[in-house]
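Let me begin by presenting the structure, written as structure tokens, before commenting on it.
The values are calculated or read from the model by the stated rules, or taken from the named source; none is laboratory data. Remember, it's a predicted structure, so these values are computed and weren't measured experimentally. No Cβ is skipped: glycine too gets one built from the backbone with ideal geometry, and neighbour counts run over all protein chains shown. Ligands, DNA and RNA are stripped out before the accessible areas are found, and what is left, the full protein with its side chains, is counted by its heavy atoms. Shrake-Rupley method; radii C 1.70, N 1.55, O 1.52, S 1.80 Å.
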Amino acid sequence: MPVPTISWEGGQDGHARLIDQTLLPDTYQVVDCRTAEEMWDAIRRLVVRGAPAIGVAAAFGAYLGIQRSAARTGGELLAELERVCEYVATARPTAVNLFWALARMRRVASDNRELPAAALRRRLFEEATAILEEDRAICRRLGEVGAPLIRDGGAYVTHCNAGGLATADFGTALAVFYSAKDHGKRFQVYADETRPLLQGARLTAWELAQSGVAVTVICDGMAASLMRSRRIDAVFVGADRIARNGDTANKIGTYGLALVARAHEVPFYVVAPVSTFDLTLEHGGLIPIEERDPAEVTRWGGRRVAPEGVPVWNPAFDVTPASLIAGIVTECGLIERPSAERVSAVIGARHPAS
Ligand code: MRU
């Protein structure tokens, strides 16, 4: 990518810079965020999207909210940060990385509240920057862990966009493809278009094509026919929140794809960093699912595509039960046939809530 999905410009007094993902693939435009309100809006409108990228954006949003604070003591700055975090947390409900990143910022402020305000502000800037840098490294590791699952000459399906655009760099599910390609493997990726906002057609096809990975776009409803008519080796998707037992929330349509994969005996893999696990939730039924504006379904490209006044249900995510998942690729290793015990065995000690 010519510039990173999300970056920070100009040191501690600077601002965040984002690729506006609502305009891709037609228009490549970069936007600057200078306030917590601008970052909130960017997250809500999917200018920046994808669970890990939302986490990084939330951390910078929290920092922007206290960047010009007049607080004199660390305690005063902590109180301000708490208010900003509560506000940023309302941007989107499902991707747990948002809450994870805000919790990290809060913890740093709380642990260092005895510092003078200026020193604490510096510390919070460093923490937000660390979240960005760590995500880059983790995505590379996800690619390395997942690449052996790719067969030279194989064919794969992915849903939504879990690539460099959804993370600080390289992606989660798409990192597996990028890494396999770097190892000299050649293969075919089918990208579900991903209704209603077409992250697959607009974003995944855009970034895979740019990276020289062979990509073919299909409508979401074509995956079953594809699996019946051609050999598909596996499905790889990202995640927005994974419960303790491995149940996984991801973009709406993922659950249907997992059912289709099971019916055709195609292994279904989730690829996600440890920060996407929510060990406080026993199962996926407890994951809050965002419902978005009906206009996302009834309108496309500035024109109405459904009759005026027709009721719409527009959940942005669904939950795939762990029983349909062959494995979860994490930076700590592969969790095969996920269950509460297996999740805990692989990531337990590494999870921030442990
Ligand atoms: O609504 P979005 O575009 O933020 O949804 C994104 C997804 O569902 C991704 O698959 C998920 O966040 C994983 S991104 C590495």
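Checked against the criterion of being within 16 Å of the ligand (Cβ to nearest atom), more than 21 Å from Thr172 (Cβ to Cβ) and in a loop (DSSP other than H, G, I, E, B), region 314-337 has at least one qualifying residue.
Any chance you could count how many residues in region 108-148 are of a type outside the set (Val, Ile, Thr) and within 18 Å of Thr73 (Cα to Cα)?
Step one: filter region 108-148 for residues of a type outside the set (Val, Ile, Thr), giving 109-128, 130, 132-137, 139-144, 146-148.
Imposing the further condition that a residue be within 18 Å of Thr73 (Cα to Cα) reduces the set to 109-125.
Matching residues across region 108-148 total 17.
If I ask for residues that are under 16 Å from His15 (Cα atoms), open to solvent by less than 10 Å² (accessible area, probe 1.4 Å) and over 25 Å from the mean Cα position of the chain (by Cα), which ones from region 116-137 would you list? The answer is none; no residue qualifies. Counting only helices (runs of 4 or more DSSP H) that sit completely within region 1-119, zero hold 2 or more residues that are on the phi > 0 side of the Ramachandran plot and out of contact with any Pro (no Cβ under 7 Å at 6 or more places or on another chain). Does Met105 qualify as being closer than 24 Å to Thr172 by Cα, open to solvent by less than 20 Å² (accessible area, probe 1.4 Å) and away from the ligand (no atom under 16 Å from the Cβ)? Yes; evaluated as a whole, the condition is true for this residue. Kindly evaluate Trp100 against the criterion of being within 16 Å of the ligand (Cβ to nearest atom), buried (at least 18 other Cβ atoms within 10 Å of the Cβ), of a type in the set (Phe, Trp, Tyr) and more than 25 Å from Val237 (Cβ to Cβ). Taking the combined requirement at face value, the residue does not satisfy it. Given the residues Arg83, Arg49, Arg45, which is the only one that is under 24 Å from Arg123 (Cβ atoms) and of a type in the set (Lys, Arg)? Selected residue: Arg83, the only one of Arg83, Arg49, Arg45 that is under 24 Å from Arg123 (Cβ atoms) and of a type in the set (Lys, Arg).
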